[in-house]
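Asks: Dropping a structure here in structure tokens format, bear with me for questions.
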Amino acid sequence: MGTLYEIASTPAAYATRPALRGEAMFEGEPVTIPFGPGRLQHCVLWQPASLRHDVPVFWFHGGGFVVGTPESMIDAARVYCSQGYRFVSVGFRLAPASKFPAQVDDAYNGVNAALAWLAQHGRAAPKVVVGGSSAGGQLACLLGYSGSLARKYGFDQRRIAGVVSSAAIVDADDLELRPLRTAHARWACVDLPCDARDREALHRALLPFSPIALVSGESAGDGDRWLPPFFSIEGRCDTLSPYAHQMAFARALDRAAGRPIAHMEVMDDPRWQHMIGTVTIYRHDPRTFGPLMRLFRWLEAIA
């Protein structure tokens, strides 16, 4: 069905009515936690009306690093808060104004700032879950599986109890980072030591930000790593976050850990492609929608 279906299905995805609505699952208003001067350099914390878990969920929105806001994750916030989890949506600057990997900087700085805020307000979180959809899922995987980035940002990777993905970009080569050519200008969405027009050079430069490379040994320098368990909801027909790449990442994780730590929820419906999956996944009822029911059982077991 491919790209044409993705384009045609996008309005329907955004028009899907959420199963959970209103504010009953929240305690009070959401809290904004700034970590930089930029318009999107802040986290939004939703507190559940009934806290049942000490492990908060940190989430990164999708949008190819070019669109989205932390406030846009209200559907996911309702679902996680309805299950008793604190939910923190981490914002990040967008390309092309802020070129990749500025978004990686914001992911780590945002999580560190939110953890500090929680500790200062008597809600310290020794363990956390990180997750995201599409490009945001790539950020979550970097927090979970890049030892070199964790050391760079002073992040204790062993605090991560698990990584949740909704069609994450697990192979950085799948990112839409090709230059935009116009009659008068050429720009790229990356700020890396390479010519963005050279795809081979860009591939090499992106390896430290490619989750599958990090766990399969293609990117050196990570040393001994903590590998948290991984839960992914992925469409078999997804053309933007290919199913084959998701499965290769899951197998690489299991090999690196020496045991099964990757759980794949595979959606066989051919309509469940990238936009349908990433936009509507948290518009389902977690009490009746099988993948979400299994996700929350998994979270109970690992956290």
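The values are calculated or read from the model by the stated rules, or taken from the named source; none is laboratory data. Every value quoted in this text rests on a predicted model; they were computed, and no experiment measured them. Cβ: placed from backbone, ideal geometry, glycine included. Neighbour counts: every protein chain shown. Just the protein is used for accessible areas: all its heavy atoms, side chains included, with ligands, DNA and RNA removed. Shrake-Rupley method; radii C 1.70, N 1.55, O 1.52, S 1.80 Å.
Asks: With the requirement that a residue be in contact with a strand residue (DSSP E or B) (Cβ under 8 Å, 6 or more places away or on another chain), part of a helix (DSSP H, G or I), hydrophobic (A, V, I, L, M, F, W, C) and open to solvent by less than 30 Å² (accessible area, probe 1.4 Å), what does the stretch 64-94 give you?
Replies: Ala76, Ala77, Cys81 - these are the residues of the stretch 64-94 that are in contact with a strand residue (DSSP E or B) (Cβ under 8 Å, 6 or more places away or on another chain), part of a helix (DSSP H, G or I), hydrophobic (A, V, I, L, M, F, W, C) and open to solvent by less than 30 Å² (accessible area, probe 1.4 Å).
Asks: Still on this structure: Restricting to the stretch 144-166, count the residues that are under 17 Å from Tyr85 (Cβ atoms), more than 8 Å from the chain's Cα centre (by Cα) and of a type outside the set (D, E, K, R).
Replies: Number satisfying all stated conditions: 4.
Asks: Separate question: Can you list residue pairs whose Cβ atoms sit under 7 Å apart, with the first residue in the stretch 19-39 being over 17 Å from Cys81 (Cα atoms) and touching a residue at least 60 places away in the same chain (Cβ under 8 Å) and the second being assigned to a loop (DSSP other than H, G, I, E, B) and open to solvent by 60 Å² or more (accessible area, probe 1.4 Å)? Count only pairs 6 or more apart in sequence or on different chains.
Replies: As it stands, the answer is Gly38/Arg93, since those pairs meet every condition given.
Asks: So which of Thr239, Thr280 is in contact with a helix residue (DSSP H, G or I) (Cβ under 6 Å, 6 or more places away or on another chain), in contact (Cβ under 8 Å) with a residue 24 or more places away in the chain, hydroxyl-bearing (Ser, Thr, Tyr) and open to solvent by less than 20 Å² (accessible area, probe 1.4 Å)? Quick ask: steps written out before the conclusion?
Replies: Working: Thr239 fails: open to solvent by less than 20 Å² (accessible area, probe 1.4 Å).
That would be Thr280, the only listed residue that is in contact with a helix residue (DSSP H, G or I) (Cβ under 6 Å, 6 or more places away or on another chain), in contact (Cβ under 8 Å) with a residue 24 or more places away in the chain, hydroxyl-bearing (Ser, Thr, Tyr) and open to solvent by less than 20 Å² (accessible area, probe 1.4 Å).
Asks: Looking at Arg52, is it open to solvent by less than 50 Å² (accessible area, probe 1.4 Å), within 22 Å of Ala124 (Cα to Cα) and of a type in the set (Lys, Arg)?
Replies: Working: open to solvent by less than 50 Å² (accessible area, probe 1.4 Å): no; within 22 Å of Ala124 (Cα to Cα): yes; of a type in the set (Lys, Arg): yes.
Judged against the criteria, Arg52 is not a match.
Asks: For the stretch 164-174, indicate whether the set of residues that are farther than 19 Å from Ser232 by Cβ, among the charged types (D, E, K, R) and either surrounded by fewer than 24 Cβ atoms within 10 Å (Cβ to Cβ) or touching a helix residue (DSSP H, G or I) at 6+ places or on another chain (Cβ under 9 Å) (or both) is non-empty. Outline the logic, then answer.
Replies: Initial filter on the stretch 164-174 (farther than 19 Å from Ser232 by Cβ): none.
No, because not a single residue in the stretch 164-174 is farther than 19 Å from Ser232 by Cβ, among the charged types (D, E, K, R) and either surrounded by fewer than 24 Cβ atoms within 10 Å (Cβ to Cβ) or touching a helix residue (DSSP H, G or I) at 6+ places or on another chain (Cβ under 9 Å) (or both).
Asks: Tell me yes or no: at least one residue of the stretch 7-21 is in contact with an Asp or Glu (Cβ under 8 Å, 6 or more places away or on another chain), of a type in the set (A, V, I, L, M, F, W, C) and open to solvent by less than 40 Å² (accessible area, probe 1.4 Å).
Replies: Taking the stretch 7-21 first, the residues in contact with an Asp or Glu (Cβ under 8 Å, 6 or more places away or on another chain) are 18-20.
In the following step, the residues that additionally are of a type in the set (A, V, I, L, M, F, W, C) were identified as 19-20.
From the residues that got through so far, the ones that are open to solvent by less than 40 Å² (accessible area, probe 1.4 Å) too are 20.
Scanning the stretch 7-21, I find at least one residue that is in contact with an Asp or Glu (Cβ under 8 Å, 6 or more places away or on another chain), of a type in the set (A, V, I, L, M, F, W, C) and open to solvent by less than 40 Å² (accessible area, probe 1.4 Å), so the answer is yes.
Asks: From the set of residues in the stretch 284-299 that are open to solvent by less than 50 Å² (accessible area, probe 1.4 Å) and in contact with a Leu (Cβ under 8 Å, 6 or more places away or on another chain), which is farthest from Phe230 (Cα to Cα)? Explain how you work it out, then say what you get.
Replies: Going residue by residue through the stretch 284-299, those that are open to solvent by less than 50 Å² (accessible area, probe 1.4 Å) are 285-286, 289-292, 295-296, 298-299.
Restricting the remaining residues to those that are in contact with a Leu (Cβ under 8 Å, 6 or more places away or on another chain) gives 285-286.
Numbers: Asp285: 22, Pro286: 19 Å.
The qualifying residue farthest from Phe230 (Cα to Cα) is Asp285.
Asks: Within the stretch 96-112, identify whether any single residue is open to solvent by less than 10 Å² (accessible area, probe 1.4 Å), under 15 Å from Ala172 (Cβ atoms), in a loop (DSSP other than H, G, I, E, B) and in contact (Cβ under 8 Å) with a residue 24 or more places away in the chain, and answer yes or no.
Replies: The answer is no; no qualifying residue exists.
Asks: Can you spot a residue in the stretch 242-259 that is open to solvent by less than 20 Å² (accessible area, probe 1.4 Å) and part of a loop (DSSP other than H, G, I, E, B)?
Replies: Checking the stretch 242-259: not a single residue is open to solvent by less than 20 Å² (accessible area, probe 1.4 Å) and part of a loop (DSSP other than H, G, I, E, B).
Asks: Can you say whether Arg294 is outside any loop (DSSP other than H, G, I, E, B) and among the basic types (Lys, Arg), as far as the supplied structure shows? Walk me through how you get there before you give the answer.
Replies: Numbers: outside any loop (DSSP other than H, G, I, E, B): yes; among the basic types (Lys, Arg): yes.
Criteria met by Arg294.
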